[in-house]
Structure formats: structure tokens, C-alpha cells
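Asks: Encoded as C-alpha cells, here's the structure I'll be asking about.
Where a number appears in this text, it was derived from the coordinates with a stated rule and is not lab data. What you see is a predicted model, and the numbers here were worked out from it, not measured in a lab. So basically every Cβ, Gly included, is an ideal-geometry build from the backbone, and we count neighbours across all protein chains shown.
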Amino acid sequence: MAIFVGKLRDSNGSATGNQKGFSLVELLVAIMLFSIGIMAIATIQDIAIRENRHANTIASAGAIAQEVMENILSWDSSDARFPSSGSVTANYAQLGSTGNAASVLIPGAGTFTATYTMTANAQLNGAGATIADFTRIDVTVTNGTISYTLTGYKSRS
């Protein structure tokens, strides 16, 4: 058995000028660069999953707020739940598939609760001008990490 240091020699004892293959150092550098690339892709994937989950939470909150707002707007304008003056804040307890729950669980987004505030003769965008015979309705949906508010108006006449 012979160990060669330097250039490889063929069976005649002359050095071969064109060596093929990779050295151990080249292989380790290639593996390191490949690993850095894989870690970067894994990090980007983690960020994408997290942001997608956050977007799903916001979209779910918006859909719930819209559902609550549409339900409140469907109430008759003479309904006793509408204030004749001042404002009223209440928990909305008609969530879920049965329509009688105080919270609803959306898989992948969390558990949501809803409240609403109705203000008679509300000011328009805080400008000081009031809208006579209109009730401002603010629906707020929360799940612990976000709070989503939707505002609408209903004629009392």
C-alpha cells in the first residue's frame, strides 16, 4: 500500500496533470453553502406561515364583524335595543352555528367575541355635526391578539 502526497502518479510513475474529483475542503464548503441556503428558505417559510395565520385572523374578524353588523341592521328601527338618546354598549351573544353563543371558534384563527355600541344622533366622523334620526353602530370583534371595529349607520325612521 502506498500513500501519495502531492500529485498523483500513474503506473509508469509520471505525474497526472488533470486530477478529477473534489477535495474534502471543497466538499465541506459546498455542504456549508447548501446548509445556509436551506436555513434561509426555512426562515422565509416560517415567516410566511406566521403572516398567513395573522391575515387569516384579520379576515375572520372582519367576516364576523360584517355578520354582526348585517344582523343588527336587519333589526326593525323601532326595536327597543336602539337607544332614543345617548349610547348603549352590549355583548353580542348570537355568534356560532347555533346563533346563541357569546364566542365562536374559527379553526386556525382563534376564539372571537363581539360587542356593539349604538349611539343615537351620532356625530359624523367626530366633526361635531350630528346626524338626526340616525344611529351609529360600532361593532368590535376581538380574539386576544387583534381588535377589529366596523362602523355603520341605521335610520330610525
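Asks: What nm distance separates the two modelled labels at W75 and A93, each placed 7 Å from Cα along Cα→Cβ?
Replies: Those two pseudo-labels are separated by 1.4 nm.
Asks: For segment 17-74, take the convex hull of the Cα atoms, compute a quarter of its surface area, and give me that in nm², please. Don't skip to the answer; put the middle values down first.
Replies: Details: hull surface 22.3 nm².
The Cα convex hull of segment 17-74, projected and averaged over all directions, gives 5.6 nm².
Asks: Need one word for segment 43-141: rounded, prolate or oblate. Basis is the Cα gyration tensor (sqrt eigenvalues a ≥ b ≥ c); a/c below 1.5 gives rounded, then a/b vs b/c decides.
Replies: Judged from the Cα gyration tensor, segment 43-141 comes out oblate (a/c at least 1.5, b/c at or above a/b).
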